[in-house]
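Let me begin by presenting the structure, written as structure tokens, before commenting on it.
The values are calculated or read from the model by the stated rules, or taken from the named source; none is laboratory data. Treat the numbers as computed from the prediction; the structure is a model and nothing was measured. All Cβ positions, glycine included, derive from the backbone under ideal geometry; neighbour counts span all protein chains shown.
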Amino acid sequence: MTLGGFFRSVTRIVGDIPRLPLRSIYRDYADYTMIPEPSFIRNLALARQFRGVPGAVVECGVWKGGMSAGIAEVVGRDRIFYLFDSFQGCPKAKEIDGIRAKQWQQDIDSPFYYNNSSADIGFSQEAMRRAGAHHVHITKGWFEQTLSGFCAQGGIAILRLDADWYDSTMTCLVHLFPQVNEGGLIIIDDYFAFEGCALAVHDYLSRNRHAICIQQFENDFCYLVKPRQARISEAPGLRTDSDSSAEAKRHSVE
Ligand SMILES: C[S@@+](CC[C@H](N)C(=O)[O-])C[C@H]1O[C@@H](n2cnc3c(N)ncnc32)[C@H](O)[C@@H]1O
């Protein structure tokens, strides 16, 4: 058993240890995530702050499942975990996704290309097994199909979006943001990395009149906290989540 495994076994028995060794959790899942160690640890630190919020943990864009598994270690294995991914990589980047997105996808020799971020679903299954999570649903397919009609049992406590592009991020927001429980956390991994992702967040929040601050965690990724009443008004002619849902369905994956 690793040192981290020992600490976490103790945690299971005696409850939380204030400074759970997040670094050791990273080490346990380093082969199952492309997220660099400092950022992985920050994700865990932030997720841990929201473990009092009831509901499921949902990650869209899981690749090999390491980040979801790490979150399971800090928020509790008895939650319901929903993992979504095509498991065949990212769709083709479009103009709206920005130049960096296009360059990343063209640079197939880069060590950060990861075969267009594709990975077999078996890695995620193995990562979640290692984490000891009891209720895990892993869904393979394009978000545009798999999220339509999806309903998280008990709502969502933590929603982590690591979907890279505009359409993917928008689809996730349209279908999942309304399901996030009050006080719940939404992490958007690529907000500062790809323009399309940032635009999707802006478009979604503004179309739905959500006056929610876009926050940055320790100079790293972006996150939102779902307030008690997310939408500030129901102005005439306002586009709603359901309007956006219809729009999202019209977006096709190339
Ligand atoms: C940056 S990777 C995720 C990294 C992962 N969270 C980790 O811990 O390493 C982005 C993932 O999003 C998935 N993805 C992007 N757009 C998608 C879509 N529209 N439908 C399904 N999967 C999508 C890709 O298959 C890829 O696995």
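Can you name every residue in the stretch 151-177 that is farther than 23 Å from residue 70 by Cβ and either more than 15 Å from the chain's Cα centre (by Cα) or within 12 Å of the ligand (Cβ to nearest atom) (or both)?
151, 165, 166, 167, 170, 171, 175
Here is a yes/no grid of residues against (1) more than 11 Å from the ligand (Cβ to nearest atom); (2) modelled with pLDDT of 95 or more; (3) of a type in the set (A, V, I, L, M, F, W, C); (4) under 19 Å from residue 194 (Cα atoms):
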| residue | (1), (2), (3), (4) |
| --- | --- |
| 23 | yes, yes, no, no |
| 28 | yes, yes, no, no |
| 40 | no, yes, yes, yes |
| 48 | yes, yes, no, no |
| 56 | yes, yes, yes, no |
| 62 | no, yes, yes, yes |
| 88 | no, yes, no, no |
| 97 | no, yes, no, yes |
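Going through the stretch 84-142 one residue at a time, which ones are acidic (Asp, Glu) and more than 18 Å from residue 62 (Cα to Cα)?
95, 97, 107, 109, listed by residue number.
Looking at the stretch 121-143, which of its residues are buried (at least 21 other Cβ atoms within 10 Å of the Cβ) and of a type outside the set (Phe, Trp, Tyr)?
Passing the criteria: 124, 127, 128, 131, 133, 136.
Among the residues of the stretch 61-118, write down those that are of a type in the set (Asp, Glu) and touching a residue at least 60 places away in the same chain (Cβ under 8 Å).
Result: 73, 97.
Check every one of the helices (runs of 4 or more DSSP H) wholly within the stretch 50-121 and list those with 1 or more residues that are within 14 Å of residue 137 (Cα to Cα).
Output list reads 66-75.
Between a first residue in the stretch 160-172 that is free of Cβ contacts under 8 Å to residues at least 60 places away in the same chain and a second residue that is within 8 Å of the ligand (Cβ to nearest atom) and outside any helix (DSSP H, G or I), which pairs have beta carbons less than 6 Å apart while being 6 or more apart in sequence or on different chains?
Between residues of the stretch 160-172 that are free of Cβ contacts under 8 Å to residues at least 60 places away in the same chain and residues that are within 8 Å of the ligand (Cβ to nearest atom) and outside any helix (DSSP H, G or I), the close pairs are 169/163.
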